[in-house]
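Presented below is the structure to which this report refers.
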Amino acid sequence: MGTTSPDYDFRSIEPRWQKYWHDNRIFRATAPSEKPKYYVLDMFPYPSGAGLHLGHCENYTISDIVARYKRACGYNVLYPIGWDAFGLPTENYAVKTGKHPRDVTRDNVETFRRQLKSIGVSYDFEREINTTDPGYFRWTQWIWLQLFRLGLAYVEEKPVWWCPALGTVLANEEVIDGKSEVGGHPVERRPLRQWVLRITAYADRLLEGLKDLDWPDSTKRMQEAWIGRSEGSEVEFDIQELPGEKLKIFTTRVDTIFGATYMVIAPEHPLVPRLTTDAQRQQVEAYVKAAANKSDLERTDLAKDKTGVFTGSHAINPATGQPIPIWIADYVLISYGTGAIMAVPGHDERDYEFARKFDLPILRVIEPLDGGEPELPFCEPGRMINSGEFTGLTTEEGKARLNAHFAAQGRGRGTVNYKLRDWLFSRQRYWGEPFPIVWVSREDYQAALATAGDAIAVPEQPVTCVIDGVEWYALPMPESALPLELPEVESYQPTGTGESPLAAMTDWLEIWHHPATGEAVPASQPRPGPEWIRGRRETNTMPQWAGSCWYYLRYLDPHNDQQLVDPELLAYWGTPDLYIGGAEHAVLHLLYARFWHKVLHDIGVVPMDEPFKRLFHQGIILGEDGEKMSKSRGNVANPDEVIEQYGTDTLRLYLMFLGPPEAMKPWNPKGIEGVFRFLRGLWREVIDSEGNVSAKVVDGPEQDPETERLLHQTIEKVTADIEHLRLNTVVSQLMILRNQIQKAQTVSRQTIRTFLQLLQPFAPHIANELWTRLGETDDINTAPWPKADPDKLVVEQVKVMVQVNGKVRGQLMVAPDTPEAEVVEMARANERVRAHLDGKTLRKVIYVPGRILNLVVG
RNA sequence: GCCGAGGUGGCGGAAUUGGUAGACGCGCUAGAUUCAGGAUCUAGUGUCCGCAAGGACGUAGGGGUUCGAGUCCCCUCCUCGGCACCA
């Protein structure tokens, strides 16, 4: 397989080994196997038209190093790749060019696959998956049917983020500072019928599950904050003007209730119309209307200035019995808690600000535990004052006592709230998974359940919606009818009405539906039989997150058309042992996937309850100027060009050498020379100018003790560093070893062999090539990983630094087990040291064996 | 504003439990080789004083603990990431 070229001709070496690996299926993962398994996974790439960038290269080099290393360590390694190919950019491109998104996707995938192969990653390409493949999204739809059956999917007409430029609705998470995350277009609120997934039902478990994960702390903290668990109390306030009606609020500081001097409800609160008195109606209506038109930006980020309007009504503070005014203000959010609060301006900054602005009374009902009258608002926990029978209790005691007190009255209880919202799970787009449901009338729904029998499973509470005054029922398709494929359409242009292009496909949309088989014929045709019912398909499609929520399971069994994954394969491979991808997915993808995984766990599909045990985020590669790479800045480095000039082994090695894998690091095009010289220098140590194995390489054991010791130190360091993903220092260590080899007169074949094994995960092409040229006959990719021999690591002499009063004054070479007294004598005999001891008394001696001797004098 | 991570030569970055700060690489300087350029090789390269030996200073800034601090503690400044009226 090797060549006879005298030069380090990476342009011929690299493609040749890539072809060899492919033709001989070297990296195919097979199961079952006697070997222990190791599953390393990259985050699902979106095959964009732009192709691979350096960030991809860094990500995949890290995982490839781990995969190759683990293989050499004797593991059966599963290292797959696939395509998260539904989504907006492809559809937008299709809209622009008139090409079918399917064709755009296919072209992009081809580009990506070719580029991936050109960086030499050892994926098992036979397990490639694609979310847009009906054989794949059939199971995405299957999972959705389970969510539906479990009552975890529902439909709601609610104000959502509508982006006019993208012609679609966005999830909360896709809106950043009032602009779309993709493209930065302005967004507005608009009510639309939406599918929503009840992720909040899993809030507690998603929070709990974080504890045992080997994830970056920052990511765990972000998820924790996103879930935002908050313990507090719900309390119902009577309304003076509306006897019998209650206003329910949520507070985390029920101990401050004696200081509640007014109430605030969100502009969208359902009680607004009834609370509003005639005198206030004009003002209130104007305010509510204005709030509805405000963008998120205006309402939160920029306008910290409090606004609000008095409704004219009053609540009765249940603690004091006093009437307090009810205001409307948009600093209270309808989507959190109950959409209403009791305002305690003395002990809450926001309420304080509002009270000052509108001249509402401010009371002091909490004092610090150590007394005093701090400036208001005082928001720390403390001791209750001016609080009737509760005066004197601490915040903690007060909360418990008041919860019990209000519970006894039937007007309150302790409760928990989450910032986490249910997951908006629909897009008004073409290029996504269709929902496998049919909208039918109430009567047909009942009839269909009878007809279909066990073929379909529905939630206890039917999912319904009202379109143009007509009520519709969501009837699931039978699992046997999956996948529900996308119809061919003329145009992918968004309708702009909030409906997807699918809404224009009348024959696909309006159908006669058979509930038990899932068959359909266009409604324009005659009804095929009595059990067929009139239905309308769902025009929304699923968001891009859907396909990436469970793909790590499909790699275990990518071609199975009977089930999502064979349980035996699942038992063997399990979930990924290491998951590598960018920190930008810290909350969204990683939270959604955990949610789906827990649902799959609950219905017995997967035995483990978390998908990603160990997570690693690679850092971003910045441009030369230290700024984020972007076309507009003109600081983008193109991997193809680097590979053309230096080869992919050099690129891979340099990406690792740049700095810690998790750190943000600037790309420096000059530095790559050093890494290239390293590889070429290695080549020249092994191959002479005739193209033969260099005469410097000799048979037999290593003769040079210094080289031998360094070799074993290197084995030790490289192994430990790969395990901990400290890949930058691995490269340094290999350079140190090569420098030593270069200095030596001769080097043993065995030393070179081991060196190549250590290098192989990082620079596999040159390692394979030199290995072969050396005449090695076994496979470097699976040859057992070298082990450091502890006997070879021992040194006869160690360097001990001698300090006087903490300052280095000399050094000694001593045997490691030299007694302290002897070392001290040697130090005193040292001329330089003596100069600093003369005329002074030795007060203390600190000796760290083999490291340092500190003589304290005075 | 809140939470978190970080600040080490001209540059990217190394530094077990506190124990030679600056490994490795880039760049730079000098020399060798070369018609030249490039490439390669050798030596040097934290700052300051000094011919040198040697010494002083030095890990954002200030204070502290310690025989000894890049590393531990307190304060300040700066950079980056996340959250941002969640009651």
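Laboratory data are not the source of any read-out in this text; all were calculated from the coordinates shown. Everything numeric here is computed off the predicted structure, so don't read it as measured data. Don't worry about glycine lacking a Cβ; one is built from the backbone with ideal geometry, like all the others, and counts go over all protein chains shown.
Sorting A:L591, A:L570, A:L78 from the fewest to the most surrounding beta carbons within 10 angstrom yields A:L570, A:L591, A:L78.
Using the count of nearby Cβ atoms within 10 Å as a rough guide to exposure, how do A:V470, A:V489, A:V804 rank from fewest to most? List each step's numbers first, then the result.
On the way: A:V470 9, A:V489 16, A:V804 22.
Fewest to most other Cβ atoms nearby, the residues stand as A:V470, A:V489, A:V804.
Within the range A:462-552, the GluC sites (Glu not before Pro) that combine a DSSP coil assignment with at most 10 other C-beta atoms in a 10 angstrom radius are A:E488, A:E490. Counting only Cα atoms, the size of the range A:294-410 along its three principal axes is 44, 34, 24 Å, in decreasing order.
The chymotrypsin sites (Phe, Trp or Tyr not before Pro) of the range A:452-553 include none that meets both conditions, a loop assignment by DSSP and at most 13 other Cβ atoms within 10 Å of the site Cβ. Computed from Cα atoms, the angle from the helix A:705-723 axis to the main principal axis of chain A rounds to 10 degrees. The charge dipole of the range A:211-322, taken about its Cα centre with unit charges on the Cβ atoms of Lys, Arg (+1), Asp and Glu (-1) only, comes to about 180 debye.
Relative to the longest principal axis of the Cα atoms of chain A, helix A:10-23 runs at roughly 60 degrees. From the Kirkwood radius over Cα pairs of the range A:418-558, Stokes-Einstein at 20 °C and 1.002 mPa s returns a whole-number translational diffusion coefficient of 131 µm²/s. The convex hull built on the alpha-carbon positions of the range A:81-201 has an orientation-averaged projected area of 10.1 nm². Here the Karplus curve 6.51 cos²θ - 1.76 cosθ + 1.60, taken at θ = phi - 60°, turns the phi angles of the range A:421-434 into couplings of 9, 4, 8, 5, 10, 9, 9, 8, 9, 8, 8, x, 6, x Hz, with x standing for Gly and Pro. A cut-off of 5 Å between modelled amide H atoms, ignoring neighbours fewer than 5 places along the same chain, links A:I437 with A:M477, A:E538.
Positive end of the dipole of the range A:258-417 (Cβ unit charges, origin at the Cα centre): among A:M384, A:P323, A:F358, the Cα lying farthest that way belongs to A:P323. Note on A:D214 and A:K248: the extension gain reaches 8.2 nm, defined as 0.36 nm multiplied by sequence separation minus the Cα-Cα distance.
Show that you can apply the helix-only estimate: for chain A, add -39,500 (n - 2.57) for every DSSP H stretch of four or more residues, divide by all residues, and state [θ] at 222 nm to the nearest 500. Could the numbers behind the result be given before it?
On the way: 27 runs with 295 residues, N = 858.
Only helices count here, giving -10500 deg cm²/dmol.
Pairwise Cα distances in the range A:57-107 exceed 14 Å in 63 percent of cases.
How many times 2.2 N^0.38 Å is the alpha carbon radius of gyration of chain A? Write out the running numbers ahead of the final one.
Working: Rg = 34.4 Å, N = 858, 2.2 N^0.38 = 28.7 Å.
In units of the 2.2 N^0.38 Å rule of thumb, it is 1.20.
Taking a label point 7 Å from the Cα of A:E241 along the Cα→Cβ vector, which residues of the range A:314-332 have an amide N closer than 16 Å to it? Label zone hits: A:314-317, A:323-329. Here the extension length gained between A:Q322 and A:T506 equals 60.1 nm, from 0.36 nm per residue of separation less the Cα-Cα distance.
How do A:F678, A:F595 rank when sorted from fewest to most other Cβ atoms within 10 Å of their own Cβ?
With the fewest neighbours first, A:F678, A:F595 line up as A:F678, A:F595.
Per residue, the convex hull spanned by the Cα atoms of the range A:478-633 amounts to 189 cubic angstrom. Axis angle, to the nearest 10 degrees, between helix A:101-118 and the longest C-alpha principal axis of chain A: 20 degrees.
Let me have the relative contact order for the range A:544-643, percent, based on Cα pairs under 8 Å that are six or more residues apart.
On the way: 98 pairs, mean separation 25.7, N = 100.
About 26 percent, as a whole number.
Taken over the Cα atoms of the range A:477-528, the convex hull encloses 90 Å³ per residue.
In percent, rounded to a whole number, the relative contact order of the range A:233-272 is 31, using alpha-carbon pairs under 8 Å and six or more apart. If exposed means no more than 12 neighbouring beta carbons inside 10 Å and the site is in a DSSP loop, what's the longest run of chain A without any exposed trypsin sites (Lys or Arg not before Pro)? Result for the longest clean stretch: A:305-630.
If you average over every viewing direction, what projected area does the convex hull of the Cα atoms of the range A:745-788 give, in nm²? Display every interim value, and only then the final one.
Numbers: hull surface 13.5 nm².
That works out to 3.4 nm².
Given an 8 Å cut-off on Cα distances and at least 6 residues of separation, report the relative contact order of chain A as a percent. Numbers along the way, then the final one.
On the way: 1573 pairs, mean separation 123.0, N = 858.
Dividing the mean separation by the residue count of chain A yields 14 percent.
No solvent, one uniform scatterer per C-alpha: report log10 I(q)/I(0) for the range A:559-620 via the Debye equation at q = 0.14 1/Å, two decimals. For the range A:559-620 at q = 0.14 Å⁻¹, log10 I(q)/I(0) is -0.47.
Could you give the length gained on full extension between A:A695 and A:V857, defined as 0.36 nm per residue of separation minus the Cα-Cα distance, in nm?
Working: separation 162, 0.36 × 162 = 58.32 nm, distance 5.68 nm.
52.6 nm is the gain from fully extending A:A695 to A:V857.
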